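A.B. asks: One structure is given below, represented as structure tokens, and several questions about it will come after.
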Amino acid sequence: MDCKAKIKELRERTGMNRKEFCDYIQIPYRTVTDWERDNRHAPEYVLRLLEYYIRMEELGKKREDT
């Protein structure tokens, strides 16, 4: 999966719009916009870290609910 598609997929998985997502993960709005528009590419390790972080946050929420 390319950077553009991966970033968008991760953001959509959270249910957040781009602004909320940027605020939440503390990455500048313009950076994420450039990644999603395929103007720039995020390093592979950033994609992996974002995916891991989102997954762990989702697991944390599930544990609190039970």
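Any read-out appearing in this document is the output of simple, stated calculations on the displayed coordinates, not a laboratory observation. Not measured: the values here are computed from a predicted model. FYI the Cβ positions are ideal-geometry reconstructions off the backbone, even for glycines, and counts take in every protein chain you see.
A.B. asks: Work out, in µm²/s and without decimals, the Stokes-Einstein translational diffusion coefficient of region 1-61 at 20 °C, 1.002 mPa s, Rh from Kirkwood over C-alpha pairs.
C.D. replies: In µm²/s, the coefficient is 186.
A.B. asks: So what is the calculated 222 nm ellipticity per residue for the chain, using -39500 (n - 2.57) for each DSSP H run with n of 4 or more, over all residues, to the nearest 500 deg cm²/dmol?
C.D. replies: Counting only the DSSP helices, I get -24000 deg cm²/dmol.
A.B. asks: Where nothing but the Cβ of Lys and Arg (+1) and of Asp and Glu (-1) is charged, how large is the charge dipole of region 1-45 around its Cα centre, in debye to the nearest 20?
C.D. replies: Charge dipole, region 1-45, about its Cα centre: 100 debye, nearest 20.
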